[in-house]
Amino acid sequence: MKLDMLNTLTAVVESGSFVAAAERVSLTPSAVSLQIKQVEQYFGHPLFDRSGASVTPTPFGLETAAVVKEAMAAIEAMRSRRSPGIEGILRLGLIPSALVSAGPVALQKLRQQYPGLEIRLTSAPSATLLDDLRGGRIDAALLVRPLSGGSSRLHWRDLAREVFALLAPHGSTARSPAEALAMHGWIRYHRGITGGRIAADFVRQIAPNAKAVAEIESTDAIVAMVAGGMGATVIPRPRQQLRAAYPLREMNLGKEAPWRQLAFCRIESGHGARAFDAVVRAFEDAYARVR
């Protein structure tokens, strides 16, 4: 049995459903269900009552989840101990959304754990960061993975899958995403970046006559404009703090919702693999908190 399965168990108990847990651990609901069945077979006891509309932890499931959470915290503490071997300079590029969401939490954790590691930050769109990597101007980057998969010269580590949502002004009476775009106008996510092209392709499918009233690169700025009644948009679902800060109506795009893959990458032949791994771990933990 893999440790990831125990993390999945904790996610189901804490989120209350296989679907919510799947988003948290970046799996499909069916994969979550399969992992839970394998854990149940390992322990020889049912962990959830599936007789109702939602899954409910059994007493044994709650006990197991509590033990697993404590054990995983201890393992993470061992793995994250300060290491004198992780030091030097790492030139790290982040897309703007990562910089303002998981960036503060992850970078503060790295500063505390690895005082000898100096991270020199730069922020730019994904395409620019890829060019900087290939040109040797940065050592690693967190960006949106290109639709083609990226260069074979790069070492990739997937971080999180971000699902897109439609946002409309609070109080919108639209009955569908297409109606919301027609009713309020379309605030277009900039087509010069990967996420903007993904969003534009989706909007053309559901509302081919949607009229763009603005085209903006910053998702934070787009959220503010939607909340101000300037239009509706399709963007990656904003972080929890941003959703709480602005009055919005969020419309789920269903099973056909587009998504983008956030990933870390570095030059395959580059140095600093241990520092890279430490950065990836810090951002994995941070994204679990802010999503």
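Taken over the range 211-246, the residue count meeting the criterion of being assigned to a loop (DSSP other than H, G, I, E, B), within 16 Å of the chain's Cα centre (by Cα) and among the basic types (K, R) is 2. The set of residues from the range 16-36 being surrounded by fewer than 16 Cβ atoms within 10 Å (Cβ to Cβ) and more than 15 Å from V163 (Cβ to Cβ) comprises G16, S17, S30, A31, L34. Only one of the numbered conditions (1) aromatic (F, W, Y); (2) within 23 Å of R289 (Cβ to Cβ); (3) in contact with a Gly (Cβ under 8 Å, 6 or more places away or on another chain) is violated by F18, and that is (3). Taking the numbered list (1) more than 22 Å from Q261 (Cβ to Cβ); (2) modelled with pLDDT under 90; (3) over 21 Å from the mean Cα position of the chain (by Cα) in turn, E76 passes all entries but (3).
Put simply, of L133, L110, L129 the only residue that is of a type in the set (A, V, I, L, M, F, W, C), part of a helix (DSSP H, G or I), without any contact (Cβ under 8 Å) to a residue 60 or more places away in the chain and surrounded by 18 or more Cβ atoms within 10 Å (Cβ to Cβ) is L129. Do we find a residue being closer than 17 Å to G93 by Cα, buried (at least 17 other Cβ atoms within 10 Å of the Cβ) and at pLDDT 90 or above anywhere in the range 249-261? Yes; the residues of the range 249-261 include at least one that is closer than 17 Å to G93 by Cα, buried (at least 17 other Cβ atoms within 10 Å of the Cβ) and at pLDDT 90 or above. The residues of the range 191-210 that are assigned to a loop (DSSP other than H, G, I, E, B) and touching a helix residue (DSSP H, G or I) at 6+ places or on another chain (Cβ under 6 Å), listed by number, are R191, A207, A210.
Just one of the listed residues (R249, R260) is under 18 Å from the mean Cα position of the chain (by Cα) and either farther than 22 Å from L117 by Cβ or assigned to a strand (DSSP E or B) (or both), namely R260.
Within the range 188-204, is there a residue that is modelled with pLDDT of 95 or more and either touching a Leu at 6+ places or on another chain (Cβ under 7 Å) or over 30 Å from A244 (Cα atoms) (or both)? Yes, that holds for at least one residue. Only residues that are part of a helix (DSSP H, G or I), among the aliphatic types (A, V, I, L, M) and out of contact with any helix residue (DSSP H, G or I) (no Cβ under 6 Å at 6 or more places or on another chain) were counted in the range 1-32, giving 3. Within the range 225-235, identify whether any single residue is out of contact with any Pro (no Cβ under 6 Å at 6 or more places or on another chain), in the same structural domain as A278 (by TED's automatic domain parsing) and within 20 Å of Y287 (Cα to Cα), and answer yes or no. Yes; the residues of the range 225-235 include at least one that is out of contact with any Pro (no Cβ under 6 Å at 6 or more places or on another chain), in the same structural domain as A278 (by TED's automatic domain parsing) and within 20 Å of Y287 (Cα to Cα). Go through the range 1-19 residue by residue and tally those that are at pLDDT 85 or above and either hydrophobic (A, V, I, L, M, F, W, C) or not assigned by TED's automatic domain parsing to the domain that holds T56 (or both). The qualifying residues number 8.
Within the range 113-126, restricting attention to residues that are within 23 Å of G195 (Cα to Cα) and touching a residue at least 60 places away in the same chain (Cβ under 8 Å), the residue that is surrounded by the fewest Cβ atoms within 10 Å (Cβ to Cβ) is P125. Do we have R188 as assigned by TED's automatic domain parsing to the domain that holds E250, among the charged types (D, E, K, R) and outside any helix (DSSP H, G or I) here? Judged against the criteria, R188 is a match.
Would you say A286 is in contact with a Leu (Cβ under 7 Å, 6 or more places away or on another chain) and either among the small types (G, A, S) or on the phi > 0 side of the Ramachandran plot (or both)? Break it down into steps so the answer makes sense when it comes.
On the way: in contact with a Leu (Cβ under 7 Å, 6 or more places away or on another chain): no; either among the small types (G, A, S) or on the phi > 0 side of the Ramachandran plot (or both): yes.
No: the conditions fail for A286.
Among the conditions (1) surrounded by 14 or more Cβ atoms within 10 Å (Cβ to Cβ); (2) touching a residue at least 60 places away in the same chain (Cβ under 8 Å), V213 misses just one, which is (2).
The values are calculated or read from the model by the stated rules, or taken from the named source; none is laboratory data. Quick caveat, the model's predicted, so the values are computed rather than measured. All Cβ positions, even for glycine, are placed from backbone atoms using ideal geometry, and neighbour counts span all protein chains on display.
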